[in-house]
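The values are calculated or read from the model by the stated rules, or taken from the named source; none is laboratory data. What you see is a predicted model, and the numbers here were worked out from it, not measured in a lab. Cβ atoms come from the backbone with ideal geometry, glycine included; neighbour counts cover every protein chain shown.
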Amino acid sequence: MTEPSSPQPSAPPPSNDELARIFHQIGDLLEIKGELVFKTVAYHRAADAIAHSPFDVATVYAAGERRPIAGVGAAIGDKITELATTGRLAFYDRLRAEMPATLVDLLAVPGVGPKTVRAVWEALGIETVEALRVAAAAGQLRVLPGISAGTEARILEGIEQLASRPDRMLIDRAQAISDQIAAVLASVPGVTRVVQAGSLRRRRETVGDLDLLVETADPDAVIARFTALPDVDRVLGAGHAKASVVLRGGPQVDLMVMPEGGAGTYLVHFTGSAAHNVVLRGLARDRGWSLSEKGFLRLGADGQPVTGAEAELRTMPDEAAVYRFLDLDVVPPELREDQGEIEAAREGRLPALITRTDLRGDLHSHSEWSDGIHTIAAMAEAARLRGYAYQVLTDHSQSLAIAKGLTPDRVELQRAIIAEVNARFADQAAAGACPPGADPGFRLLHGCELEIRADGRLDYEDDLLARFDLVVASVHVARRQTRAELTARTIGAIRSPHVDVIAHPAGRMLNERPDLDIDWDAVFEAAAATGTALEINGSPSRLDLAPERARRAVAMGCVLSIDSDAHRIEELDCVRWGVEQARRAWVEPHHVLNTRPLAELLAWVAAKPSRV
């Protein structure tokens, strides 16, 4: 991990990302020092709020304008002002002087927490991941209280995972970078189309390099503009029809120029996976053609391309023409992975994939009452303005203290606020005063994200659970239990008459921690038997269930939900990423619970006790 440092006074004000990195590291350092949890959480929450702020925080604060930022109080606001106006932060510098900055890197090792970092540093002088690996391999950590041989083995396993972690971007970051470059290239005179291709167009959960295709009558102008982008660190190559660059801080971006009127085979070639394209080339060869990005080239009797005056190259204006030429229905980009889509395209049985407009509501969202940022009313209004018929508020339950989980008393207070919000919406609808785009019948439903405790018990009693409109349940703690224990916890929640959805079932965080070790077929069987929905979580850091599991779940008869897990208004749009992963899983609208109208949703919830 590269250590961020306080910006120098002569530098421009730090960006939102730079501010967020500094405050995240302050939170990490405070954790290692053993500060109270609420202090460390405050810095991490502030960092997240700054990173997602719609305005340039440092510039605004340097001008003396203290715009409110959710999660940023007076003390942290003062620190932002100090950074923005002086280029330094004394508190941050003091923290870094108290301990080696490399200690923060140890927190990246799966299974290593702040207490362990502090213990190995103070007792053994360990400051780096490599030193930790050497000590664990030599059995030197087990002399410390609370560290056993098993703990050492898990630390070594975590270091190995860290070392093998792929250097791939989450899909939202990849999309943002690609969008910025595509917008610049689209403004170049002569450009008629820019397409973002590769694994990003297939909507893979994480993305390595970026691929851009540009249709233009002036390739040289596009190449020149591309290689001169301000964020380019180095140019790997540039010719008449293609170029490759590496941006500062990554990733590599490859640009290919498509000829006007002949883009079809380029789009197919640079979108499909290698395996998908191999099958297409085989189909073309069976028909007497060689397929490349440039088009279909006729083959002779010897199987080699025909040359000379009889050579024939057929280009295609669009992707539909390419697939038609091979007697196939058009395969959606998300399915081009050689997972049965070509056979389905040949036989006319490709799925009618779900789209975002099919969703009637969102079953998983949070407010400031637990670990969210915005108020209940603000989250509900934002959902209503998105055209939803319903939104479920699912703040955390009581045992998840770090997320300010709600006690039963707070649940009742929240219930009253939800009733007030719904009454106000109903009054507006009756008066014909709904905002444009809002559903007059919109209803905010009262739910919770129910913790499945380490012993398998649910976090609220049945009589309280029965009063919620909808309950999602999830595992956050005791992740290292055995497969049998984790599976039993999940299935136990599925078999509850009051649990309607299992949220982010694998508990994964992409590029950060592995999935829970669960017997998935046993979970899918129980979910199908009880009609308990399994969530595809739209948070870009989760995207859980993975498409492979979601497809298996549907095949076994499970119903799914696609939710945002929003902790702030902007994150309501994270359903986008969930829908895209569902499309990769061959999911159709009828497979998804929250494509149903409100009345059908509530009837489905009410019938749960009869299904278990």
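Residues that are touching an Asp or Glu at 6+ places or on another chain (Cβ under 7 Å) and surrounded by fewer than 23 Cβ atoms within 10 Å (Cβ to Cβ) within the range 547-562 comprise just one, MET556. Can you pull out the residues in the range 584-612 that are among the hydrophobic types (A, V, I, L, M, F, W, C), buried (at least 17 other Cβ atoms within 10 Å of the Cβ) and at negative phi? Across the range 584-612, the qualifying residues are ALA585, VAL587, VAL592, LEU593, LEU598, LEU601, TRP604, VAL605. In the range 223-244, the residues that are more than 18 Å from ALA186 (Cα to Cα) form Cβ pairs under 8 Å with partners that are exposed (fewer than 13 other Cβ atoms within 10 Å of the Cβ), at six or more places apart or across chains, as follows: ASP233/ARG248; ASP233/GLY249. Whenever a residue of the range 251-262 is farther than 7 Å from GLU215 by Cα, its partners that are of a type in the set (S, T, N, Q) and part of a loop (DSSP other than H, G, I, E, B), lying with C-beta atoms within less than 7 angstrom and at least six residues away or across chains, give the pairs GLY262/THR315.
Within the range 589-612, the set of residues being hydrophobic (A, V, I, L, M, F, W, C) and free of Cβ contacts under 8 Å to residues at least 60 places away in the same chain comprises ALA599, ALA603, ALA606.
For the range 436-468, the set of residues classified as within 30 Å of the chain's Cα centre (by Cα) and more than 23 Å from LEU400 (Cα to Cα) consists of PRO436, GLY437, ALA438, ASP439, PHE442, ARG443, LEU444, listed by residue number.
What's the number of the only condition in (1) surrounded by fewer than 19 Cβ atoms within 10 Å (Cβ to Cβ); (2) at pLDDT 85 or above; (3) over 13 Å from GLY87 (Cα atoms) that LEU36 fails to meet? LEU36 satisfies all of (1) surrounded by fewer than 19 Cβ atoms within 10 Å (Cβ to Cβ); (2) at pLDDT 85 or above; (3) over 13 Å from GLY87 (Cα atoms) except (2).
Where strands (runs of 3 or more DSSP E) sit wholly within the range 165-276, those with at least 3 residues that are touching a Ser or Thr at 6+ places or on another chain (Cβ under 6 Å) and not assigned by TED's automatic domain parsing to the domain that holds LEU510 occupy 191-197, 232-238. Being within 24 Å of ILE22 (Cβ to Cβ) and either free of Cβ contacts under 8 Å to residues at least 12 places away in the same chain or of a type in the set (Gly, Ala, Ser) (or both) holds for only one residue in ALA108, ALA138, ALA131, ALA153, and it is ALA108.
It is to be established whether one or more residues within the range 153-161 are of a type outside the set (Lys, Arg), crowded, with 21+ Cβ neighbours inside 10 Å, touching a helix residue (DSSP H, G or I) at 6+ places or on another chain (Cβ under 9 Å) and over 30 Å from PRO317 (Cα atoms). Looking for residues that are of a type outside the set (Lys, Arg), crowded, with 21+ Cβ neighbours inside 10 Å, touching a helix residue (DSSP H, G or I) at 6+ places or on another chain (Cβ under 9 Å) and over 30 Å from PRO317 (Cα atoms), one finds at least one in the range 153-161, hence yes. Within the range 52-80, the set of residues being buried (at least 17 other Cβ atoms within 10 Å of the Cβ), among the aliphatic types (A, V, I, L, M) and free of Cβ contacts under 8 Å to residues at least 40 places away in the same chain comprises VAL60, ILE69, VAL72.
Residues that are assigned to a helix (DSSP H, G or I), modelled with pLDDT under 95 and closer than 26 Å to LEU359 by Cβ within the range 387-437 comprise just one, ALA403. Beta carbons closer than 8 Å, at least 6 apart along the sequence or on distinct chains, pair a first residue in the range 24-35 that is without any contact (Cβ under 8 Å) to a residue 24 or more places away in the chain with a second that is among the hydrophobic types (A, V, I, L, M, F, W, C) and in a helix (DSSP H, G or I) for HIS24/ALA47; GLY27/VAL41; GLY27/ALA42; GLY27/ALA47. Is it the case that GLU535 is buried (at least 23 other Cβ atoms within 10 Å of the Cβ) and at pLDDT 95 or above? Spelling it out, GLU535 is indeed buried (at least 23 other Cβ atoms within 10 Å of the Cβ) and at pLDDT 95 or above.
Within this structure, SER292 fails the test of being surrounded by 20 or more Cβ atoms within 10 Å (Cβ to Cβ) and in contact (Cβ under 8 Å) with a residue 12 or more places away in the chain. Hey, any hits in the range 255-264 for a residue that's within 19 Å of PHE325 (Cβ to Cβ) and either out of contact with any Lys or Arg (no Cβ under 9 Å at 6 or more places or on another chain) or among the basic types (Lys, Arg) (or both)? Yes, the conditions are met somewhere in the range 255-264. For the range 304-351, the set of residues classified as within 20 Å of ASP286 (Cα to Cα), out of contact with any Lys or Arg (no Cβ under 7 Å at 6 or more places or on another chain), outside any helix (DSSP H, G or I) and without any contact (Cβ under 8 Å) to a residue 12 or more places away in the chain consists of GLN304, THR307, GLY340, listed by residue number.
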